[in-house]
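Engineer: Input: one structure, supplied below.
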Amino acid sequence: MLSPIRLVSEAAELAARRHSGMARKGRGREPYINHLAEVANLLAIVTDGADAELVAAGWLHDTVEDTETTREELAQTFSERVASLVAECTDDMNRPKTKRRQKQIEGAPHKSPGAKLIKIADKISNTRARIHSDPSGEEREDLIDYVEWAEKVVAGCRGGNATLDQMFDDTVKLARSSL
């Protein structure tokens, strides 16, 4: 087993390599790795760095969904727990968006405590990325739609970390005040 600092560092490095050249959707088209860094950092903050596997899974939470990375590779390279957390957060991209979204809402209450924290951190990051000082009509509609859906997912994930729950609530308030 890797030391905690090495586990997180190697997860960040793999996430960066596998997502190289990818950009987030939206106005800024910022490098996708920024999203992964934000999710991992939120998890490190709210756990005070006490769970390296959770932070590593935060870095890797989109690798199976977005790249050729496999669950088996993550289990072998990192740990079974990291691979399981990532698997719990992975959407089946062959399904239509509406079905993927509904599955996230329905599945949220049944996730492990760690996967619930990753989902909340992911929704915080994705909401923050949609907040703009002068949103276009399309950006405004996207933000409203995303927040309404994210609240339904997060409703099934709450209770594992009061600080993260509050961060989500604060992000939603900020999003609504930007409209």
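Engineer: What's the magnitude of the charge dipole for segment 43-129 around its Cα centre, counting Lys and Arg as +1 and Asp and Glu as -1 at the beta-carbon? Answer in Debye, nearest 20.
Structural biologist: 600 debye
Engineer: Would you look at the GNM of the chain, springs on alpha carbons closer than 10 Å, and say which of Arg95, Arg27, Arg130 moves the most?
Structural biologist: Judging by the Gaussian network model, the answer is Arg95.
Engineer: With n ≥ 4 as the cut-off for DSSP H runs, can you work out [θ] at 222 nm for the chain, using -39500 (n - 2.57) per run divided by the number of residues, rounded to the nearest 500?
Structural biologist: After summing the helix terms and dividing by residue count, I get -21500 deg cm²/dmol.
Engineer: Okay, next question. Do you know the relative contact order of segment 1-117, to the nearest whole percent, from alpha carbon pairs under 8 angstrom that are 6+ apart?
Structural biologist: Contact order relative to length: 23 percent.
Engineer: Expressed in nm², what is the orientationally averaged projection area of the convex hull enclosing the Cα positions of the chain?
Structural biologist: 9.7 nm²
Engineer: Further question on the same structure: Among His61, His132, what is the fewest-to-most ranking by other Cβ atoms within 10 Å?
Structural biologist: Fewest-to-most ranking of His61, His132: His132, His61.
Engineer: Among Glu141, Glu88, Glu80, determine the one that fluctuates most according to a GNM of the chain built with springs between C-alpha atoms less than 10 Å apart.
Structural biologist: Glu141
Engineer: Then there is this: How high is the relative contact order of segment 41-179, in percent, with contacts defined as C-alpha pairs under 8 Å that are six or more residues apart?
Structural biologist: Reported as a whole number, the value is 24 percent.
Engineer: Let me check against my output: what whole-number percent is the relative contact order of segment 4-64, with C-alpha pairs under 8 Å and at least 6 apart?
Structural biologist: Worked out over segment 4-64, it gives 42 percent.
Engineer: Choose one of Ala150, Asn161, Thr98: the residue whose Cα lies farthest towards the positive end of the charge dipole of segment 4-177 (beta-carbon charges +1 Lys, Arg; -1 Asp, Glu; about the Cα centre).
Structural biologist: Working it through, the farthest residue towards the positive pole turns out to be Thr98.
Engineer: Oh, and also: Anything over 22 Å Cα to Cα? Flag those among Lys103/Lys173; Lys97/Lys152; Lys99/Lys173; Lys97/Lys123; Lys25/Lys116, in the order listed.
Structural biologist: Flagged as over cut-off: Lys103/Lys173; Lys99/Lys173; Lys25/Lys116.
Engineer: To the nearest 20 debye, what charge dipole does the chain have about its Cα centre, counting +1 at the Cβ of each Lys and Arg and -1 at the Cβ of each Asp and Glu?
Structural biologist: The calculated dipole for the chain is roughly 340 debye.
No lab work stands behind these numbers, since they all come straight from the coordinates. Note that the structure is predicted; figures quoted are calculated from it, not measured. In this analysis, Cβ positions are derived from the backbone assuming ideal geometry, glycine residues included, and neighbour counts consider all displayed protein chains.
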